[in-house]
Amino acid sequence: MLVNQPPGAVLSVRDGAVELGGRPVLRGIDLDVGPGEVLAVLGANGSGKSTLVRSTMGLVPTCRGEVRLFGTSLPRFRDWRRVGFVPQRVTAGSGVPASVREVVASGRLSRRRPFLPARRADRDAVEDAIAAVDLSGKARDSVSTLSGGQQQRVLIARALAGVPDLLVLDEPTAGVDVESQETFAAALRAILLRGATVVLVAHELGPLHELVDRTVVMRDGRIAYDGPPLAAFTDAEPAHRHDHHHDDLTRSASAHHPTVTAPLDPTGAQGEHR
Amino acid sequence: MSLLTYDFVVRALVGALFTGLAAPAVGTYLVQRRLALMGDGVGHIAVTGVALGLLTGTSPTLTAVAVAVVGAVVIELVRAGGRTSGDVALALLFYGGIAGGVLLTGLAGQSAATLNTYLFGSITTISGADVWVTVGLAVVVVTLAVGLAPQLFAVAHDQEFARVAGLDVRVYNLLVSVMAAVTVTVAMRTVGLLLVSALMVVPVATAQQVTRAFRTTLTAAMAIGMVASLGGVAVSAYVDAAPGATIVLLALAGFVAAYPLGAWMRRRQRLARPFTEPQPESVPPGVGPGHTAVPEEHVHEHSPECGHPAVPHGDHVDYVHHGHRHAPHGSHYDEH
């Protein structure tokens, strides 16, 4: 099973499969992400794209196959400081207020030891990350008073604060205003200059499309397409139109891709998909 | 100040001081995880522990600590592995705890009055050794709550992120539960098992009326808990009331005083805050694709900071200006 493992892969999955509640959600996943790559995982709701990245982070157990991060098999992987993760935004706030700076500071925990105060480098990295998402003026504000797009930027800053080599984002642009999406694209550009690898799950790429150099399209828990970005995504942004609006928004760019959410094979057999 | 010449008053004040610090410190994490009533549950379970001590003739404090820790760990395991009936399982533990306590106390031949000193506290009868146990356990709890604040905060705030940051989420969750159990038994002599949850939760609720950050909430809650505890003991010494109840009522009075201030601050924040964006699918029908430039002068550029109500509209945000919805469009604003 380890035969085709490319030595330099940042993230690789071999024959990965995931079952949730006895139902197969992912099957036959083979994926290698090289250093410096920007991979977009696309697909309809329920296609398994979110489960795919969550399983590579160890948040969903795989029932067969192997996941490797930086060449180390996931159960033995301890070097979490190299990984930054942006989970899907949680809408329900926590019971106690938390400031932007405090949430972003959590991103340094993989580099800090318990009971020791934050060092200068930790504090600087937190301020840099807040500045990268253009929220310096709001660092002391409670996160719950920010707009949805700003809250998403806080979560991205939290992942950036750890200065990761691999950044994994689960739907970072869902329900986010255009201004926040552009700030986010600029922040991504900055970490790509550093040579970081990015894996992002998305419904629509928006301003991020020009950064992506490879897409994987998920369908029914399998990889249906793996290759260069498709034209349907990259041409979906007309520059300046007056007859814009709601028609083309409801019929989003993902309509150009296979979006069938057929039920999974009841037997769980590795059947043919046509 | 003549009261301070009495040893039992000094012991009561020291016990109250440390209980007042430790209970809100743990309480902050419980409130953050939306487990505000966990202290109450552990308190109920600890009743069985006290009764076990009375029955076997050992120290009720020791047996209460042991049973409360076991109960808290069970609650956490039920919560962590829990599906839908988690709260029902917790309820079973609570009532089992208090019923078991009453039953065992009866078997031990003790009166309800003995159990009452644990249910509602009896800080003035606290012994010198008890004070030292209280101080020691409270110092451990406060050290953990403050020293591990970044880790405990991250785990409670976003469990998935904490896991990917390499934190052992299960260990930290269990740690909070054990800290809660220890605090409940520490506070047992001060405010009593039935009121301990109030001292864990009310100072936090009071503090977060006016705070915007986690650390300030934690610090303010500990200060409020300390003031309420010391004040409660002092007041009860003068008016001869039950100290535990006085402490809790004093803490509640603080909340009642802070609430209007917090409501005013929240109202101000709400007005300055843009609406959350709806999903594109929920764009209301009937909004035509027309394009009308707005002739009005704009002294500023509309932005989330400008103070005009923000209305998300498809792929952009409109701002309500003089009763119209304006959308930025290149050099001018469109009417929407």
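The values are calculated or read from the model by the stated rules, or taken from the named source; none is laboratory data. Nothing here was measured: the structure is a model prediction, and the numbers come from that model. Please note: Cβ atoms are built from the backbone with ideal geometry, for glycine as well, and neighbour counts cover all protein chains shown. Each accessible area value is taken on the protein alone, full model and side chains, heavy atoms only, with ligands, DNA and RNA left out. Shrake-Rupley method; radii C 1.70, N 1.55, O 1.52, S 1.80 Å.
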Quick check: anything in segment B:171-191 within 14 Å of another protein chain (Cβ to nearest Cβ), of a type in the set (Val, Ile, Thr) and open to solvent by 30 Å² or more (accessible area, probe 1.4 Å)? yes
- Just to be sure, is residue A:51 open to solvent by 40 Å² or more (accessible area, probe 1.4 Å), within 29 Å of residue A:216 (Cα to Cα) and either at the interface with chain B (Cβ under 8 Å from one of its Cβ atoms) or not acidic (Asp, Glu) (or both)? no
Residue A:140 vs (1) assigned to a loop (DSSP other than H, G, I, E, B); (2) charged (D, E, K, R); (3) more than 8 Å from chain B (Cβ to nearest Cβ): all pass except (3)
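Which one is most open to solvent (accessible area, probe 1.4 Å), of the residues in segment A:143-170 that are of a type in the set (Gly, Ala, Ser), modelled with pLDDT under 90 and more than 21 Å from residue A:212 (Cβ to Cβ)? Walk me through how you get there before you give the answer.
If we filter segment A:143-170 for residues that are of a type in the set (Gly, Ala, Ser), which is where we start, we get A:144, A:147-149, A:157, A:159, A:161-162.
Now narrow it down to the ones that are modelled with pLDDT under 90: A:144, A:147-149.
Those still in the list that are more than 21 Å from residue A:212 (Cβ to Cβ) too: A:144, A:147-148.
Values: A:144: 65, A:147: 10, A:148: 2 Å².
Restricting to residues being of a type in the set (Gly, Ala, Ser), modelled with pLDDT under 90 and more than 21 Å from residue A:212 (Cβ to Cβ), the top hit is A:144.
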Residue in segment B:121-142 that is part of a helix (DSSP H, G or I), within 17 Å of the chain's Cα centre (by Cα) and within 14 Å of another protein chain (Cβ to nearest Cβ) present:
yes
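If you check B:143, B:124, B:105, B:114, which single one turns out to be within 16 Å of residue B:61 (Cβ to Cβ) and either open to solvent by 50 Å² or more (accessible area, probe 1.4 Å) or in contact with a helix residue (DSSP H, G or I) (Cβ under 6 Å, 6 or more places away or on another chain) (or both)? Explain how you work it out, then say what you get.
Numbers: B:143 fails: within 16 Å of residue B:61 (Cβ to Cβ); B:124 fails: within 16 Å of residue B:61 (Cβ to Cβ); B:114 fails: either open to solvent by 50 Å² or more (accessible area, probe 1.4 Å) or in contact with a helix residue (DSSP H, G or I) (Cβ under 6 Å, 6 or more places away or on another chain) (or both).
When all the criteria are applied, what remains is B:105.
Can you name the residue in segment A:78-117 that is over 19 Å from the mean Cα position of the chain (by Cα) and more than 8 Å from every other protein chain (Cβ to nearest Cβ) and, of all such residues, is least open to solvent (accessible area, probe 1.4 Å)? Break it down into steps so the answer makes sense when it comes.
Of the residues in segment A:78-117, the ones over 19 Å from the mean Cα position of the chain (by Cα) are A:78, A:92-102, A:105, A:109, A:111-117.
Subset that is more than 8 Å from every other protein chain (Cβ to nearest Cβ): A:92-93, A:100, A:111, A:113, A:116-117.
Working: A:92: 77, A:93: 41, A:100: 2, A:111: 66, A:113: 168, A:116: 99, A:117: 102 Å².
In this case the residue turns out to be A:100.
Considering only residues that are open to solvent by 50 Å² or more (accessible area, probe 1.4 Å) and part of a helix (DSSP H, G or I), which ones fall in segment A:118-129? Working first, answer last.
Here is the first cut: in segment A:118-129, the residues open to solvent by 50 Å² or more (accessible area, probe 1.4 Å) are A:119-121, A:123-124, A:127-128.
Passing the criteria: A:120, A:121, A:123, A:124, A:127, A:128.
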Being open to solvent by 40 Å² or more (accessible area, probe 1.4 Å) and either among the aliphatic types (A, V, I, L, M) or without any contact (Cβ under 8 Å) to a residue 12 or more places away in the chain (or both): is that true of residue B:98 here? yes
Exactly one of B:130, B:40 is open to solvent by 30 Å² or more (accessible area, probe 1.4 Å), acidic (Asp, Glu), within 27 Å of residue B:202 (Cβ to Cβ) and at pLDDT below 85, and that residue is B:130
Next item on the list: Please tell me if residue B:5 is touching a residue at least 40 places away in the same chain (Cβ under 8 Å), of a type in the set (Ser, Thr, Tyr) and more than 14 Å from chain A (Cβ to nearest Cβ).
Entry: no
When segment A:39-89 is checked residue by residue, the ones that are among the charged types (D, E, K, R) and over 20 Å from residue A:172 (Cβ atoms) are A:64, A:66, A:68, A:76, A:78, A:79, A:81
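Report yes if residue B:92 is at negative phi and surrounded by fewer than 14 Cβ atoms within 10 Å (Cβ to Cβ), otherwise no.
Working: at negative phi: yes; surrounded by fewer than 14 Cβ atoms within 10 Å (Cβ to Cβ): yes.
So residue B:92 fits the description; yes.
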Among helices (runs of 4 or more DSSP H) entirely inside segment B:180-272, those with 2 or more residues being among the basic types (Lys, Arg) are B:243-271
Of those in segment B:146-168 that are open to solvent by 10 Å² or more (accessible area, probe 1.4 Å) and more than 8 Å from chain A (Cβ to nearest Cβ), the residue nearest to residue A:110 (Cα to Cα) is B:168
Here the qualifying pairs (Cβ atoms under 7 Å; residues six or more apart or on different chains; first in segment B:20-40 and under 17 Å from residue B:213 (Cβ atoms); second crowded, with 24+ Cβ neighbours inside 10 Å and among the hydroxyl-bearing types (Ser, Thr, Tyr)) come out as B:28/B:217
Please indicate, with yes or no, whether at least one residue in segment A:222-232 is closer than 18 Å to residue A:39 by Cβ and modelled with pLDDT under 50.
no
